[in-house]
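Right, one structure below, let's go through it.
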Amino acid sequence: MKAFELVNPTDVSGAVSALTAAGREGKLLAGGIDLLSEMKEYIATPSIVVNLKAVSGLNKIESSAKGLKIGALVTLSDIAKHPTIAAKYTALAEAAESVASPQIRHVGTLGGNLCQRPRCWYYRDEHVICLKKGGSKCYAIEGENEYHAILGGGPSYIVHPSDCAPALMVLGASVDISGPKGNRTVSLDKFFILPTENLYKENVLEVGEIVTHITVPAPAAGTTSHYLKIRHKESMDWALSGAAVALTAKAGKVTSAKVVLSGVAPVPWRSPEAEKALIGKQVTTAIADRAGAAAVAKAKPLGGNAYKVPLTRNVVRLAVLHAAGVKG
Amino acid sequence: MAGWKSPSENTVLGKPTPRLDGPAKVTGRAKYAYDVQPAGLLQGKILRCPHGSAQIISIDTSAAERMPGVGAVIITAKPGDIMRFAGQELGGVAAKSFDIAQDAVRAIKVSYKVLPHVVHEEAAMKPDAPNVRGADPNTSTPNTRSTGDTDAAFQSAAAVIEGTYSCAVRTHNSLETHGTTCKWEDDTHLTCWASTQGVFSVRDDFAREYKLPPANIHVITEVMGGGFGSKFGAGYEGILCANLAKKANAPVKLMLNREEEQIAVGNAPSATVEVRMAADGDGNITAVDAKLHGTGGISGAGVPFPYIYKVGSTKISQISVFMNSGGQRAWRAPGHPQASFLMESAVEDLAIKLGMDPLELRMKNDPSKLRISQWREGARIVGWDRRNAKPGNGKLAGNGRYKRGLGCGAATWGGGGGGGSQCKVIISNDGSVDVEIGVQDIGTGTRTYCAMIVAEELGLAVSAIKTNLGKTSLGYGVGSGGSVTTGSTAPAVKRAAEAAKEALVSAVAAKMGVDTDQIELIDGKVIVKGESGKQVPFKKACSALGPGGVTGDGKWDASLQQNGVAGVQFAEVQVDTLTGLVKVIKVVALQDGGVILNPLTFTSQVNGGVIQGIGMALFEDRKMCQLTGRMLNANMEDYKMPGSMEMPEFVSIAFENPTAKGVSGIGEPPVIPTAAAIRNAVLNASGAALYHAPMTPGRVLDALAAGRKG
C-alpha cells in the first residue's frame, strides 16, 4: 500500500480537525476491515489516515426505555450478542450476526459497516477506471453483473454492501454526525444517496464528517422485526438479496410496516410498495407474497442478474412471514 | 521378499493414525517456504501485464532502480513481445521490504500497445475472434474418433437424450500460494525452500537453468499447503526468485499473493459437451455422439469421453479453445471431474427417459466388478430405496419448500507407482530410528505412513520413528502427481525397513548367540522365539550395533504396489425451492485404494476430494470480463470455495478390495464423481435439471422455473 501518515486523535473534535485538515487526502480508520483492504489493493490511497480507535466514548451500547444509542466503534459481535438488541431490535442483531465471519465481526464496527464502500468487482479492480473512480462507464452494464443492482441502478449499478443498514432503517434509526460545521443528526432513510445524486460516495457525509453514534428509538408495542440474508455461501458471503422487515400489529392487523432490501440496489432499498401491501392486512402467505411481488415490481435486471427478481420476491415473502411469526 | 501383511496381522499399518506433523501445522510451528527467514532476506515481487493482450513498446526501470532499499531489478520481457493474458510476467524486483518491492514494481514504466483480446470461450470459437496464438487458430484441429455404428444404434434405440452439459473453469487456489525462498550459498550452490509437489523436479529445473550439477541445488519442502497439480517445477516465480537472489547477492523470498495465485499459475479447464446418447430396452448404452470443447486459456484442454461406462458405439469430436487467460495446469484428476459431470449427468437423464432406476442403468453398463460391489454397498448405506421414483416427486422430496433427493456418480483412476525411489532406514546404536527419503509430503500423509511402515517392520510405536522427508539431499522421491506418491514411495520404505531390520537382527542374534530366525521384534522388544523371558528392550538391543548403527537401503518394488482404483459416491441434497440454494446433506463415498496403509489419512483425502467436488458443483467459477480482459474474481470473496457451513456429513469409506496385494495412491479419484452425484441429486430432489456447473442459486431458480413450465 501507499505510505501514509497515521494520526491518533483522542477525542471527536480532534478527529474532525485532523480529517478536515487532511481533506480529500484523508481517510477515517475504525475497524479497518474495509479501509485496509482498499489501501492494500490501491483502491484508496490516502496520505493521512485518522485513527478513530483512540477516541473514547464511541464503543458503548446504551440501552434505555427511549431506545438504543450505539457508538460507531461498537463491534458487530458486540451487537449480535447483546441480549436487549436480540430481544427487542431483533433485525439488527440478526443483521450483525450475518456479516462475514466471527473474526471480522470481532473487529468490524457498526460505523464501518454503514460507511463501507461497494464490493463491485470493477470498482475493486485497481486497473479498471470505472464510473465511480472518475471513468466514463459503469462496466457492469455490458460486463459481468450477476451481483449488481436490479433496483435504483444507474448510472452506476453497485449494490450497497451493508447488512446492518437495512435492519437499522426498518427500526427507524438515525446517525449522529460530527463535522467541521458542528453536529447534525440524519435519519438513516436520508443518509444513503443514489449514484444519480453522487457517483463518488454512497452517503451524505462531507469531508471531515464522522459518524459518532447510531440511535434507534424503542420499537412501538407489538413490533417485531427480522433480517433475512440470502448468500450463495453460508460460511461467509455478501447478500445476493436480503430483506429487513419491521411490523407493528394490533389485533392481528399490520398497523405499520417497514421493508428495506439489501444486495439489490446502490443504497439499502426502502420498498414503500411492499410496505403498502402489508398495512392494514393480516399477514398470510398470500399477503407476504404480494408484498414480495410489489417489492420487485419496478425491478430492472441487467443481463446476468435476472435471478435476483424472483429471489428477492421470495426473500421479502419469507422475511415478512418470519417477522409476523407466520409459518410459510 | 515379503509382501504387505494382511490387516489382521498388522499392529500399526492399517490402523487409523493421526498425521505426525498435524500438531506442528495447527500450532504454527511447522516451517513453510514462507516462514523461512535467512539473514539479510529480501522480498520479491513480480511485474505483470494488466492487459488481456498487448505488445510491449518500452520498459523503463530507472525509477525502480533508484529507489532506496531495492536490491535487484530483473526484466525478462523485451519491447516487441506480445503478452497474451492479464497477469503474464515481465520481470520483478527484490527489495528490503515487501512494501518497497511493491512500490518499485509499480514504479517500472511499461508502455503497451493494447491489442484486442478474447476471454470468453464461445466468443473465442467465432471465426472473427482476435487470434490468441499468433498464426494458429483459436481452436485446435478436432480430435475425432469413432467405434461401431452410431446411426443404427440411434435408429433402434428405446430412448435417446440430447443435451448440452458444461462446467466452468476453476482455479487451484492452494491455500499456500506458489513461491520460494532462495539463497545462494556461493556462486554455484543454491538452497531453495519451495512450496512444491516435486522437490526433485524443482531441483532439475534450477540445474538446467544454471547449467549446474543437480547435486549443487538443494530444494527443501518439509510441509506444504496444497498444490493439486499446479506446483511442479521451479516455475517462473522460482527462477525469478533465484535470479533476483543472485543479482542482489542476498537471499530472496518470492511468494505470490492471492490474486496472482488465481490468474497465473494454473486452472482446471472448462468442458462442454453437446451429446446424443441412446439406450436399448434392456438398458444397454448403445450410442454416444458427442462434440466436446473446453478451454485452458492459453493452453490446451481435454477430457476423457465417454467416461467409465461401456458404450456400444461412439462418434466423438473434441477441440481445445484458446483464449487470453492464464494457462491450465493439472488439477486433481485432470479432466476426470469434468468428464464425470458431463457423462453422469447425461446417463442420469437417459435413465429417466428410459424409465429405469439410474443406479440400475449404471450397474448394467459398468465394466468394473469392484465398482459393482461398491454400487451395492453404497446404495445400502445411503438408503437408495428412499430416492424419489420421479424427479421432484416422492416422499423424500416432500411437498414443502425444501426438497430432498439422491444422486450418484463413479470414478476411475490409476494410482500405481513408478521406479526410482530410494529410501534409507537408519537404526543407531542408541536405539533411535530414522527414515529418510527425499519425497515431499504434499499434505496427504506421506510422512506419517513412512513412519508407520518402519514402525510395523521393527515392532515399534510410530512415535519412535524420526522422519526426514522433502529434501533433495536425501534419496530420490517422485513428484506428487497422478496419485503415484504412495505407490512409488511406500515400497521403497518397506524394503529399506526390512533391510535395516535384517542387519539389526543379525547383529543382535550374534550377540545373544541365537539364530537370526529365532529373533522377533514385537512391541518395542527383541524377543527370542520359544524362550520365554529371553527378551531385551529394543533400545538396549541396539547397543549391539557398532557406532555407525545399521542402514537399510530400499528401492521401489513393483510387487508392493498396484495400479487402477475404483470409487463411487452417493449424494443426498436439499434444494430450497424459494432461493435456489442447494445444501449437500450427506456424501457417501466408497473408495478402493489397494492395500490401505493409514485409514485416517485415507478418509481425510476422500473428504478433501468431496469438499473440492462440492466447490465444483455449487461454487467455483473463474470469471473473466470481456470488456477488460481481466479476471473478475481473483480473490476468495467472489471466487467462492466451500467453507465450514457448506460441509456435508461425510461417510467416507476405505473400501476393502479383497484381491489387493499392493498400495495405490488415491489423492485424485475422490474428487471425480462428487459434482455429478450432487447434480443428479438436485434433479431427483426438485425436478430441476441443471446443465452447467456450478449450480448457483440463479441457475437452480431458472431450472426450477423451467421444470414448472414442463
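Where a number appears in this text, it was derived from the coordinates with a stated rule and is not lab data. Please read these numbers as outputs of a predicted model, since none were measured by experiment. Neighbour counts run over all protein chains shown; Cβ positions are idealised from the backbone, glycine included.
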Quick one: compute the contact order of the stretch A:223-324, relative version, from alpha carbon pairs under 8 angstrom and 6+ residues apart, as a percent.
28 percent
Principal axis dimensions, the stretch B:46-183 - Cα atoms, whole angstrom, descending
78, 36, 21
For peptide A:121-132, the mean count of other chain Cβ atoms within 10 Å per residue Cβ is 4
On a 0 to 90° scale, report how tilted helix A:285-295 is relative to the longest principal axis of chain A, with both axes built from alpha carbons and the result rounded to the nearest 10.
40 degrees
37 °C / 0.692 mPa s Stokes-Einstein diffusion coefficient of the stretch A:223-324, Kirkwood radius on C-alpha pairs, µm²/s
246 µm²/s
Sorting B:His336, B:His120 on the 10 Å Cβ count, fewest up front, what's the list?
B:His120, B:His336
Using a/c under 1.5 as the rounded threshold, could you call the stretch B:125-216 rounded, prolate or oblate? The axes a ≥ b ≥ c are square roots of the C-alpha gyration tensor eigenvalues, and prolate needs a/b larger than b/c, oblate otherwise.
prolate
Note on the stretch A:1-55: C-alpha Rg/Rh, Kirkwood Rh, two decimals, gives 0.95
Answer in debye to the nearest 20: the dipole magnitude of the stretch A:223-324 about its Cα centre, from +1 Lys/Arg and -1 Asp/Glu charges placed on Cβ, is 200 debye
Under a plain spin-label model, where a point goes 7 Å from the Cα along Cα-to-Cβ, how far apart in nm are B:Lys555 and B:Asp99?
5.7 nm
Expected unfolding gain across B:Ala158-B:Lys211 under the 0.36 nm per residue rule, minus the alpha-carbon gap, is 12.7 nm
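Please work out the FRET efficiency for the pair A:Lys190 and A:Glu273, using the Cβ-Cβ distance as r and a Förster radius of 22 Å; give the result to the nearest 0.05.
Efficiency, rounded to the nearest 0.05: 0.70.
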Taking only DSSP H segments of four or more residues, each worth -39500 (n - 2.57), what value at 222 nm results for the protein assembly as shown once the sum is divided by all its residues, to the nearest 500 deg cm²/dmol?
-8000 deg cm²/dmol
How large is ³J(HN,Hα) for each residue in the stretch A:84-101, as worked out from phi by the Karplus curve 6.51 cos²θ - 1.76 cosθ + 1.60 (θ = phi - 60°), to whole Hz, x for Gly and Pro?
5, 5, 4, 7, 9, 10, 3, 4, 5, 4, 5, 5, 4, 5, 7, 6, 6, 10
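B:Lys395 to B:Asp517: extension gain in nm, 0.36 nm per residue of separation minus the Cα-Cα distance? Walk me through the numbers before you get to the answer.
On the way: separation 122, 0.36 × 122 = 43.92 nm, distance 6.46 nm.
Stretched fully, the B:Lys395-B:Asp517 segment lengthens by 37.5 nm.
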Can you list the residues, at least 5 places off or on another chain, whose amide H is less than 5 Å from the amide H of B:His178, using H built in the peptide plane?
B:Leu256
What is the stretch A:177-263 by shape, rounded, prolate or oblate, if you read a ≥ b ≥ c off the alpha carbon gyration tensor as root eigenvalues and call it rounded for a/c under 1.5, prolate for a/b larger than b/c, and oblate otherwise?
oblate
Rounded to one decimal in nm, the spacing of the 7 Å Cα→Cβ label points at A:Lys300 and B:Lys540 is 9.1 nm
Output wanted: per-residue J couplings in Hz (rounded whole) for the stretch A:31-36, from phi through Karplus 6.51 cos²θ - 1.76 cosθ + 1.60, θ = phi - 60°, x for Gly and Pro.
x, x, 4, 7, 4, 5
Are there any trypsin sites (Lys or Arg not before Pro) in the stretch A:178-261 that are in a DSSP loop and have at most 13 other Cβ atoms within 10 Å? List them by number.
A:Lys181
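Highest first, please rank the peptides B:685-697, B:320-332 by the mean number of other Cβ atoms sitting within 10 Å of their residues.
B:320-332, B:685-697
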So what's the angle, to the nearest 10 degrees on a 0 to 90 scale, between helix A:308-324 and the longest Cα principal axis of chain A?
70 degrees
B:Tyr112 and B:Glu502 label points (each 7 Å along its Cα→Cβ direction) are spaced in nm at 6.2 nm
Zone of A:Ile104's modelled label, taken as backbone nitrogen in the stretch A:47-84 under 18 Å from a point 7 Å along Cα→Cβ:
A:74-81
Take the Cβ-Cβ distance between B:Glu360 and B:Thr144 as r, set R0 to 30 Å, and report the resulting FRET efficiency rounded to the nearest 0.05.
0.40
Averaged across the residues of B:572-579, what count of C-beta atoms belonging to other chains lies within 10 Å of each residue's C-beta?
3
Compute the Cα gyration tensor for chain B, then decide on rounded, prolate or oblate, letting a ≥ b ≥ c be the square roots of its eigenvalues: rounded whenever a/c is under 1.5, prolate when a/b is larger than b/c in the other cases, and oblate in all that remain.
oblate
Mean projected area (nm²) from the convex hull of Cα positions in the protein assembly as shown is 46.6 nm²
What length, rounded to one decimal in nm, is gained on full extension from B:Lys31 through to B:Glu649, with 0.36 nm per residue of separation minus their alpha-carbon distance?
219.3 nm
What's the percent breakdown of Cα-Cα distances in chain A across 10 Å bins, shortest bin first?
6, 27, 35, 24, 8, 1, 0
To the nearest 0.05, the calculated FRET efficiency linking B:Ala24 and A:Asn59 through their beta-carbon distance, R0 being 30 Å, is 0.20
Vicinal HN-Hα couplings computed from phi for the stretch B:155-160 (Karplus, 6.51 cos²θ - 1.76 cosθ + 1.60; Hz; Gly/Pro x):
5, 9, 6, 7, 8, 10
What is the set of long-range amide H partners of B:Val118 at a cut-off below 5 Å, with H atoms built 1.01 Å from backbone N?
B:Asn324
Please identify the helices of chain B, taking whole runs of DSSP H, that span at least 27 Å along their own axis as judged from the Cα atoms and have a mean Kyte-Doolittle score of -1.0 or higher.
B:485-512
Among A:Arg105, A:Arg119, A:Arg24: highest mean-square fluctuation, GNM of chain A, C-alpha pairs under 10 Å:
A:Arg24
Using alpha carbon centroids, what distance separates the stretch A:177-234 and the stretch B:438-485, in Å?
58 Å
